[in-house]
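K.L.:
Handing you this structure, nothing more for now.
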């Protein structure tokens, strides 16, 4: 039976993943106060344009203390939320919502001044909402709602490959590898990774095999819509997907690892009323 202890365990897992993520950002100078951005890019995004009406992007570009405050809040709110969840603070729901909203704002503005995409912040926006519940039953339903949202996002990537017919193109992966690593390939001609990428490009069948595996991994999560029986196996599938995606594509989606907490605790039933 799922209980309050499991919610606290999930909160601890969430904080561990976030601290690793934040440390990685700090190490790679990918925080507002370390990146020192000089321009921003806009997109056809309603939320982004709505936030930019407040002119916050110019305050961030022109004032280091504003960027530092953003970084401090971004790193502190998840810590406070975890403490509030473990200690059952009364203001936990408000803190959870504030963490989610501020992370959304932070992610939108940071993705507009760097190459980091807003997709990398999705987990830090959604998962805190689980801890906004005031009851175990509420946490249980929020957890499963976030789990379904993740499944829909992940499976949609596989469906997109089918709808665009990319999955039926045996040269698709070879082309993606050349496009993804073009700068690295030109700058590091004698590097082992460059030679490995060229090997995959020359042997497009091998590259295509990895592409098919990745697509199947994405589509396999569709089973999670109908049953939770295979959730532990799906965690393993996702971990392997992350490893190969980082190794082959140099795309870091570790931030989505926190979603696996939803799959780990999903098999625990809710205590039924007698």
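The rows are residues; the columns are (1) modelled with pLDDT of 95 or more; (2) surrounded by 15 or more Cβ atoms within 10 Å (Cβ to Cβ).
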residue: 170; (1), (2): no, no
residue: 176; (1), (2): no, yes
residue: 184; (1), (2): no, no
residue: 191; (1), (2): no, no
residue: 196; (1), (2): no, no
residue: 217; (1), (2): yes, yes
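K.L.:
Which of the numbered conditions does residue 119 fail, given that it passes all the others? Conditions: (1) over 30 Å from residue 85 (Cβ atoms); (2) part of a helix (DSSP H, G or I).
P.N.:
(1)
K.L.:
Could you say which residue among 237, 206 is closer than 25 Å to residue 17 by Cβ and touching a helix residue (DSSP H, G or I) at 6+ places or on another chain (Cβ under 7 Å)? Walk me through how you get there before you give the answer.
P.N.:
On the way: 206 fails: closer than 25 Å to residue 17 by Cβ.
Selected residue: 237, the only one of 237, 206 that is closer than 25 Å to residue 17 by Cβ and touching a helix residue (DSSP H, G or I) at 6+ places or on another chain (Cβ under 7 Å).
K.L.:
Residues to consider are 155, 127, 79; find the one that is surrounded by 14 or more Cβ atoms within 10 Å (Cβ to Cβ), modelled with pLDDT of 95 or more and either assigned by TED's automatic domain parsing to the domain that holds residue 264 or in a loop (DSSP other than H, G, I, E, B) (or both).
P.N.:
The unique qualifying residue is 155.
K.L.:
Looking at the structure I just gave you, is residue 267 over 22 Å from residue 5 (Cα atoms) and either outside the structural domain of residue 217 (by TED's automatic domain parsing) or assigned to a loop (DSSP other than H, G, I, E, B) (or both)? Walk me through it before giving the result.
P.N.:
Working: over 22 Å from residue 5 (Cα atoms): no; either outside the structural domain of residue 217 (by TED's automatic domain parsing) or assigned to a loop (DSSP other than H, G, I, E, B) (or both): yes.
For residue 267, the condition - over 22 Å from residue 5 (Cα atoms) and either outside the structural domain of residue 217 (by TED's automatic domain parsing) or assigned to a loop (DSSP other than H, G, I, E, B) (or both) - is not met.
K.L.:
Taking helices (runs of 4 or more DSSP H) that do not extend beyond segment 1-57, which have at least 2 residues that are more than 19 Å from the chain's Cα centre (by Cα) and within 14 Å of residue 116 (Cβ to Cβ)? Spell out the reasoning first.
P.N.:
Working: elements: 4-27, 32-35, 46-52.
Filter on segment 1-57 gives 32-35.
K.L.:
Another question, then. Please determine whether any residue of segment 27-37 is at pLDDT 95 or above and surrounded by 16 or more Cβ atoms within 10 Å (Cβ to Cβ).
P.N.:
no
The values are calculated or read from the model by the stated rules, or taken from the named source; none is laboratory data. All figures in this text were calculated on a predicted structure; none of them were measured in a lab. Glycine also receives a Cβ, built like all others from the backbone with ideal geometry; neighbour counts cover every protein chain displayed.
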